[in-house]
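The values are calculated or read from the model by the stated rules, or taken from the named source; none is laboratory data. These figures come from a predicted structure and were not determined experimentally. We place every Cβ from the backbone using ideal geometry, glycine too, and count neighbours over all the protein chains shown.
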Amino acid sequence: MVFPFLGIDVTVDPTAFSVFGLDVQWYGILIVCGMLLAMLFAFRNMRRVGIDSDRAIDAVIGGLIAALIGARAYYVILNWDEYKDDLASIFNTREGGLAVLGGLIGAIIVGGIICKIRKVKFLPMLDLCGVGFLIGQGIGRWGNFTNQEAFGKNTNCLFAMSGGRVQQWIAYNYNSVTQYDKDITVDMNYPVHPCFLYESAWCLLGALLLGITLKKWRKFDGQIILMYMVWYGLGRFFIESLRTDSLMIGSLRVSQGVAALMFVMGVILLIINFAKVKRLGSDYKLYVDTKESKQLLAEADKRIAEEAAKKAAKKAAKAAKDPDAEAEKIVPEETSEDSPAEDTPAEDTETEKTEE
């Protein structure tokens, strides 16, 4: 992979390592890392929105699984001609083929159902997801870098890139690309827009801004997920217009249309909800400030304290039954080389002199 105007030339191998003959791709590793960091953020901030993490864990795990399934299903459906004659290839995701928007749809639908079953408030949960989505997407996009995909048309901008797999893709797909957009400029001999880089930077910046808003300026439940829709929708709309490998229905860039819809809906719903909060004034309460949330969190604290007390009681009972084992654990500490026990003889000598 070459970034000619930055003077960077790096060798990129999509395969990270092999286990028992099975290649493990960087693409999958980076997506999993993004998901884990998003999940970590969610669990660290659940109390901030009034949610008991023990109740929500099923929704988080179910949502992540549904995100992977939804991302693959979305991609396969929109590229059905590539898979209809080889159905087994649908399950091969090691070299790519996951669509972000499909993942969002899957995560929200399944996560929402599980929240309903587990009696977890959905809007506060979605606020955590808004930041988590951006974290996961910002990191996961680098999987496109290792695969040399998610690039755009030719450009002379500072971050322009080129690479062997990019050139191969353009050469193989040139006719289909220009068929849908006669004005697109794509030549395998010139560098292209690194759209994955633009989207990664946009998502990580958004994660920072929305994370700060979550902690300091959240006025109503659902605010952060609506801000996510606006932020991601805006960025994706413009970035998608640069891409040469967009998912298409006829001459329509599907992801660009969905991004525009996300942006418009997000703006409208933000305006409506801010007006509602302003109208209600002090009568409006975030879920975290309600009696229900405080009671649930108090019960969670009580449960944690009881579990800690049980563990301490078991440890004490075990020590009482086998005191010798506990003594053996203590003895080495008293007779270690670093212990002041070595000074004891000198102290005894001084004592004997005093007695004399």
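From the list L242, L226, pick out the single residue that is in the same structural domain as N173 (by TED's automatic domain parsing), surrounded by 14 or more Cβ atoms within 10 Å (Cβ to Cβ), touching a Gly at 6+ places or on another chain (Cβ under 6 Å) and modelled with pLDDT under 95. Walk me through it before giving the result.
Numbers: L226 fails: modelled with pLDDT under 95.
Exactly one of L242, L226 is in the same structural domain as N173 (by TED's automatic domain parsing), surrounded by 14 or more Cβ atoms within 10 Å (Cβ to Cβ), touching a Gly at 6+ places or on another chain (Cβ under 6 Å) and modelled with pLDDT under 95, namely L242.
Only one of (1) buried (at least 19 other Cβ atoms within 10 Å of the Cβ); (2) within 21 Å of the chain's Cα centre (by Cα); (3) modelled with pLDDT of 95 or more is not met by F220, so which one is it?
The number of the failed condition is (2).
Could you tell me whether V60 is touching a residue at least 40 places away in the same chain (Cβ under 8 Å) and out of contact with any His (no Cβ under 7 Å at 6 or more places or on another chain)?
Working: touching a residue at least 40 places away in the same chain (Cβ under 8 Å): yes; out of contact with any His (no Cβ under 7 Å at 6 or more places or on another chain): yes.
Considered against the rule, which asks whether it is touching a residue at least 40 places away in the same chain (Cβ under 8 Å) and out of contact with any His (no Cβ under 7 Å at 6 or more places or on another chain), V60 comes out as yes.
Any residue in region 286-306 that's under 14 Å from R55 (Cα atoms): show its pairings with residues that are β-branched (V, I, T) at Cβ separation under 8 Å, as long as the two are six or more apart or on different chains.
S293/I51
Of the residues L280, L252, L247, L261, which single one is closer than 30 Å to V192 by Cβ and more than 26 Å from the chain's Cα centre (by Cα)? Walk me through how you get there before you give the answer.
Working: L280 fails: closer than 30 Å to V192 by Cβ; L247 fails: more than 26 Å from the chain's Cα centre (by Cα); L261 fails: more than 26 Å from the chain's Cα centre (by Cα).
None of the other options fit; the residue is L252.
Considering only helices (runs of 4 or more DSSP H) fully contained in region 59-174, which possess at least 2 residues that are touching a Phe, Trp or Tyr at 6+ places or on another chain (Cβ under 9 Å)? Walk me through how you get there before you give the answer.
Working: elements: 80-83, 100-118, 122-140, 142-147.
Where helices (runs of 4 or more DSSP H) fall fully within region 59-174 and carry at least 2 residues being touching a Phe, Trp or Tyr at 6+ places or on another chain (Cβ under 9 Å), they are 100-118, 122-140, 142-147.
This table checks each residue for (1) surrounded by 16 or more Cβ atoms within 10 Å (Cβ to Cβ); (2) modelled with pLDDT under 95.
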{"residue": "K84", "(1), (2)": "no, yes"}
{"residue": "L87", "(1), (2)": "no, yes"}
{"residue": "V100", "(1), (2)": "yes, yes"}
{"residue": "I113", "(1), (2)": "no, no"}
{"residue": "L123", "(1), (2)": "yes, no"}
{"residue": "D127", "(1), (2)": "yes, no"}
{"residue": "G163", "(1), (2)": "yes, yes"}
{"residue": "Y180", "(1), (2)": "no, yes"}
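Against the definition (of a type in the set (A, V, I, L, M), buried (at least 16 other Cβ atoms within 10 Å of the Cβ), in contact with a helix residue (DSSP H, G or I) (Cβ under 7 Å, 6 or more places away or on another chain) and not assigned by TED's automatic domain parsing to the domain that holds M46), how does L270 come out, yes or no? Break it down stepwise before answering.
Values: of a type in the set (A, V, I, L, M): yes; buried (at least 16 other Cβ atoms within 10 Å of the Cβ): yes; in contact with a helix residue (DSSP H, G or I) (Cβ under 7 Å, 6 or more places away or on another chain): yes; not assigned by TED's automatic domain parsing to the domain that holds M46: no.
Answer is no for this residue.
Filter region 2-49 down to residues that are aromatic (F, W, Y), in contact with a helix residue (DSSP H, G or I) (Cβ under 8 Å, 6 or more places away or on another chain) and free of Cβ contacts under 8 Å to residues at least 24 places away in the same chain, then give me how many there are. If you could, list the steps in order and put the result at the bottom.
Filtering region 2-49 for residues aromatic (F, W, Y) gives 3, 5, 17, 20, 26-27, 41, 43.
Now drop any that are not in contact with a helix residue (DSSP H, G or I) (Cβ under 8 Å, 6 or more places away or on another chain), which leaves 26-27, 41, 43.
Now drop any that are not free of Cβ contacts under 8 Å to residues at least 24 places away in the same chain, which leaves 43.
Looking only at that region, the number is 1.
Keeping to region 79-111, report how many residues are within 24 Å of the chain's Cα centre (by Cα) and in contact (Cβ under 8 Å) with a residue 24 or more places away in the chain.
Step one: of region 79-111, the residues within 24 Å of the chain's Cα centre (by Cα) are 90-111.
If we keep only those that are in contact (Cβ under 8 Å) with a residue 24 or more places away in the chain too, we end up with 93-111.
Number satisfying all stated conditions: 19.
Can you tell me how many residues in region 15-35 are closer than 17 Å to L98 by Cα and among the aliphatic types (A, V, I, L, M)?
6
Sort out which residues of region 42-54 are in a helix (DSSP H, G or I) and crowded, with 20+ Cβ neighbours inside 10 Å, and write them in order of number. Before you say what the answer is, go through the steps one by one.
Quick first cut of region 42-54, residues in a helix (DSSP H, G or I) only: 42-45, 47-49, 53-54.
Within region 42-54, A42, V49 qualify.
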